[in-house]
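A.B. asks: This is the structure I have questions about; it appears just below.
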Amino acid sequence: MKWYKKIFIALLVVVVLIQFFQPQKNTETNITEQHVYNVYSTPNEVKVILDKACNDCHSNNTNYPWYASIQPAAWWLNDHVKDGKKHLNFSIYKSYNLRRQYHKMEEIIDEVKDNGMPLDSYTWIHRNAKLSTEEKASLTNWAQSIIDTMKATYPIDSLVKKKS
């Protein structure tokens, strides 16, 4: 057997074997009292935007594409979701301290306005996740309304750090 056939067979065996090592799926379907939807008023139009463009990576409920069970794509997706949830997880939003809640809304506004979110790598596959100008405005207005509500409800020093 030629050397390249041996390499091909070895690679094929590795590809088959890694299919048996699947990461745990991020599929909690219940929306708990910790979810941002239950903490702050969230209009249906904003929920639709969050569902199509944000929640797969920024909640405990990911809708996985067909290739999510094929390695190494499953590992890559799992890392991507874990990283997204590390930065912002709408499913546990209420558990964040006030300062972090406030800052996350500021980040949403900045990321959406700067076209940083949703990521290009996400919108390449999920074409419907690309946000229109109107959707960006709805999402940033919602985040700003939460910031305004927080400012009206809590002392500012509980929301932002004092500059030294």
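The values are calculated or read from the model by the stated rules, or taken from the named source; none is laboratory data. These numbers were taken from a predicted model, which means no experiment stands behind them. No Cβ is skipped: glycine too gets one built from the backbone with ideal geometry, and neighbour counts run over all protein chains shown. SASA here: full protein model, heavy atoms, side chains in, ligands and nucleic acids out. Shrake-Rupley method; radii C 1.70, N 1.55, O 1.52, S 1.80 Å.
A.B. asks: Have a look at GLY116, GLY84 and point out the one that is modelled with pLDDT of 85 or more, of a type outside the set (S, T, N, Q) and part of a loop (DSSP other than H, G, I, E, B).
C.D. replies: Going through GLY116, GLY84 in turn, the sole match is GLY116.
A.B. asks: Just one of ASN97, ASN89 is of a type outside the set (Ser, Thr, Tyr) and open to solvent by 90 Å² or more (accessible area, probe 1.4 Å); which is it?
C.D. replies: The match here is ASN97.
A.B. asks: Taking region 119-164 as the region of interest, how many residues are closer than 24 Å to LEU77 by Cβ, assigned to a helix (DSSP H, G or I) and open to solvent by 60 Å² or more (accessible area, probe 1.4 Å)?
C.D. replies: The total comes to 3.
A.B. asks: For the structure I just gave you, tell me whether THR42 is among the β-branched types (Val, Ile, Thr), at pLDDT below 80 and either under 21 Å from the mean Cα position of the chain (by Cα) or surrounded by 15 or more Cβ atoms within 10 Å (Cβ to Cβ) (or both).
C.D. replies: no
A.B. asks: From ILE70, ILE92, which residue is among the β-branched types (Val, Ile, Thr) and more than 16 Å from the chain's Cα centre (by Cα)? Let's see the steps before the verdict.
C.D. replies: Numbers: ILE92 fails: more than 16 Å from the chain's Cα centre (by Cα).
Of the residues listed, the single one that is among the β-branched types (Val, Ile, Thr) and more than 16 Å from the chain's Cα centre (by Cα) is ILE70.
A.B. asks: Quick test for you: out of TYR154, TYR93, pick the one residue that is more than 17 Å from TYR37 (Cα to Cα) and either touching a helix residue (DSSP H, G or I) at 6+ places or on another chain (Cβ under 8 Å) or touching a residue at least 12 places away in the same chain (Cβ under 8 Å) (or both).
C.D. replies: It is TYR154.
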